[in-house]
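Beneath this line is the structure, given in structure tokens, with notes to follow.
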Amino acid sequence: MLRTSLIFVVIALLSLPFADLEITTSHPWTELGQIALGAIQPDLSALWQLKTALLNTVVFAFCGTSIGVVLGAGLAFGFSWAPIRLFCVFIRSIHEIFWAFLFLNIVGLNPICGVLSIAIPYAGIFAKVYAEIVQESDKQPLVGIPTGTGVISRFIYGVLPVIYADAKHYTTYRFECALRSSAILGFIGLPTLGYHLETAFREGTYQTAWALLYAFYLLIASLKYWLKPRLTPFYVVGAFTLLSREVTVSWANVLRFFTVDILPWPMRRVGVWSGTNHIDFSLVPVLEWIKDILITEGVEGVWNTLILTQIVLAGTGFFALLVFPFTCRHFSRWPMRPISQYVLVVLRTTPEYLLAYVFVQLWGPSMIPAVWAILLHNGAILAFLTSNNADRLQAQIDRPLRYIDRYFYEVLPRIYGQFLAFLFYRWEVIIRESAILGVLGIYTLGFYIDSAIVDHQLDKATLLILLTGTLNMSIDAVSQRVRRRLQISTKLFVLD
């Protein structure tokens, strides 16, 4: 495991010379001071005026998660079949914002756009996780079920009671993620918290921005008090009731998107120029068009995305290893421990896209904002999970008295396998985040996708989104191979 860790550290160090790590703003610390001042003087009066955005954030999350659960549970039954498994890998490999870019052109700036942007990738995620929970569950209860019992009955009586707690726990965690996804969808114009956060940061009204952030943190922190299984059906029904009042879909736009807009330009060119809508099915011009886009934009986008990803992956690991002792019972005491836990909660609750947006305002659109945003968000999650895992360890009677000796010789060797497992598990997430942050002006794949959307080149945008999905699938395959080779698993991690 140490050798594998060193290989990834070396890759990150070799990536540094190729990364755009430049501060392009003149006075970042002045702006940072204004942001800090807004944090201690939030404009709480703005919350009542923006209550609808907060409600929309929750409604989108409930609707998107519930659709994702239903679709994911159905896909989980066939997850062992390779086509379904690959389909799930693909749909979850595309970030929610990229899905929103596509759905914007199908259904317009509509609540259904936000819901589907969450539901589609979450269906792939739920399918994978639910299938793994079933696969790793205790099969002993199935022994007592009579031979010839139907598949559904066997599942209800022999599997569901065993997996219910784990499935419920993960679904709750994923709803928290959906709240973050719902919030950042406001940055592309949907009426959630992100829309008003972007406006507040762009206009420098940091008091309003911090009031919204505090409300969002309070919403996440209060989940354990109001998100109860017995109440969830009522929440879901209420969310869909509120959503249905605002949903409008133009089927003509849907038809045009799939039959015209996303077709490669060489297929549509003659028809557009002549006004006949003629489609040319010649393969050679299409291949040349694909080749040109991949060479001029795809290669650079993939390269920068990978460079950023590998730097952040190593940085996330170092950050988590450095920070988790401050929240672990084996090293930290009151008041340092609760303070550190609160800081980690804030960092892991704040969407990485929002962190990057703020850092871009401070330092300009280089890789520095992206590195710190993704590193802090994922590092906080990993530190939290690693601390939880370490807290379960029973200290040895002859444990070292010095904390540094206890860290290196007692705790770290016993948890390092699970630490690496989850770090490599987050690798796929990190590359999705690296790609999407290109929307903020950083030259990753998201930059070229956003540019294509702005220029109404939906065919190019679709091709680049497919490239992003393929890249993420490749990283996921490598990550799984590394975890299998090291014989490490994320099973011991708790996401609460």
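The values are calculated or read from the model by the stated rules, or taken from the named source; none is laboratory data. All figures in this text were calculated on a predicted structure; none of them were measured in a lab. Heads up, the Cβs are rebuilt from the backbone with ideal geometry, glycines too, and the neighbour counts pull from every protein chain shown.
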**Prompt:** Where in segment 264-371 are there helices (runs of 4 or more DSSP H), lying wholly inside it, with at least 3 residues that are among the small types (G, A, S)?
**Reply:** 299-323
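Suppose we filter segment 77-96 for residues that are part of a helix (DSSP H, G or I) and either in contact with a Leu (Cβ under 7 Å, 6 or more places away or on another chain) or surrounded by fewer than 23 Cβ atoms within 10 Å (Cβ to Cβ) (or both); how many remain? Spell out how you get there, then give the answer.
Going residue by residue through segment 77-96, those that are part of a helix (DSSP H, G or I) are 77, 82-93, 96.
With either in contact with a Leu (Cβ under 7 Å, 6 or more places away or on another chain) or surrounded by fewer than 23 Cβ atoms within 10 Å (Cβ to Cβ) (or both) added as a condition, the list becomes 77, 82-91, 96.
Result for segment 77-96: 12.
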**Prompt:** Condition test on T25, is it touching a Ser or Thr at 6+ places or on another chain (Cβ under 9 Å), closer than 24 Å to V358 by Cβ and surrounded by 14 or more Cβ atoms within 10 Å (Cβ to Cβ)?
**Reply:** no
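If you scan segment 134-156, which residues turn out to be part of a loop (DSSP other than H, G, I, E, B) and in contact with a helix residue (DSSP H, G or I) (Cβ under 6 Å, 6 or more places away or on another chain)? Break it down into steps so the answer makes sense when it comes.
Taking segment 134-156 and keeping what is part of a loop (DSSP other than H, G, I, E, B), we get 137-139, 145-150.
Across segment 134-156, the qualifying residues are S137, D138, I145.
Picking from A39, A123, A53, A131, which residue would you name as being touching a His at 6+ places or on another chain (Cβ under 8 Å) and among the small types (G, A, S)? Explain how you work it out, then say what you get.
Numbers: A39 fails: touching a His at 6+ places or on another chain (Cβ under 8 Å); A123 fails: touching a His at 6+ places or on another chain (Cβ under 8 Å); A131 fails: touching a His at 6+ places or on another chain (Cβ under 8 Å).
The conditions single out A53.
Answer with yes or no whether T259 is surrounded by fewer than 16 Cβ atoms within 10 Å (Cβ to Cβ), at pLDDT below 85 and within 30 Å of L212 (Cα to Cα).
It is false that T259 is surrounded by fewer than 16 Cβ atoms within 10 Å (Cβ to Cβ), at pLDDT below 85 and within 30 Å of L212 (Cα to Cα).
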**Message:** Given (1) crowded, with 24+ Cβ neighbours inside 10 Å; (2) under 22 Å from A183 (Cβ atoms), identify the lone condition not met by L362.
**Reply:** (1)
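Only one residue in V159, V143 is of a type in the set (A, V, I, L, M, F, W, C) and surrounded by 18 or more Cβ atoms within 10 Å (Cβ to Cβ), so which one is that?
Working: V143 fails: surrounded by 18 or more Cβ atoms within 10 Å (Cβ to Cβ).
Residue meeting the stated conditions: V159.
Return yes when I118 is surrounded by 15 or more Cβ atoms within 10 Å (Cβ to Cβ) and touching a Phe, Trp or Tyr at 6+ places or on another chain (Cβ under 7 Å) and no when it is not.
Numbers: surrounded by 15 or more Cβ atoms within 10 Å (Cβ to Cβ): yes; touching a Phe, Trp or Tyr at 6+ places or on another chain (Cβ under 7 Å): yes.
Judged against the criteria, I118 is a match.
Could you identify the single residue in P233, P229 that is assigned to a loop (DSSP other than H, G, I, E, B), in the same structural domain as T52 (by TED's automatic domain parsing) and either among the acidic types (D, E) or surrounded by fewer than 16 Cβ atoms within 10 Å (Cβ to Cβ) (or both)? Walk me through it before giving the result.
Details: P233 fails: assigned to a loop (DSSP other than H, G, I, E, B).
When all the criteria are applied, what remains is P229.
Kindly establish whether Q41 is surrounded by fewer than 20 Cβ atoms within 10 Å (Cβ to Cβ), of a type outside the set (D, E, K, R) and at pLDDT 90 or above.
Numbers: surrounded by fewer than 20 Cβ atoms within 10 Å (Cβ to Cβ): yes; of a type outside the set (D, E, K, R): yes; at pLDDT 90 or above: yes.
Considered against the rule, which asks whether it is surrounded by fewer than 20 Cβ atoms within 10 Å (Cβ to Cβ), of a type outside the set (D, E, K, R) and at pLDDT 90 or above, Q41 comes out as yes.
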**Asked** over 30 Å from T259 (Cα atoms) and touching a residue at least 24 places away in the same chain (Cβ under 8 Å) - does that describe any residue in segment 80-100?
**Response** yes
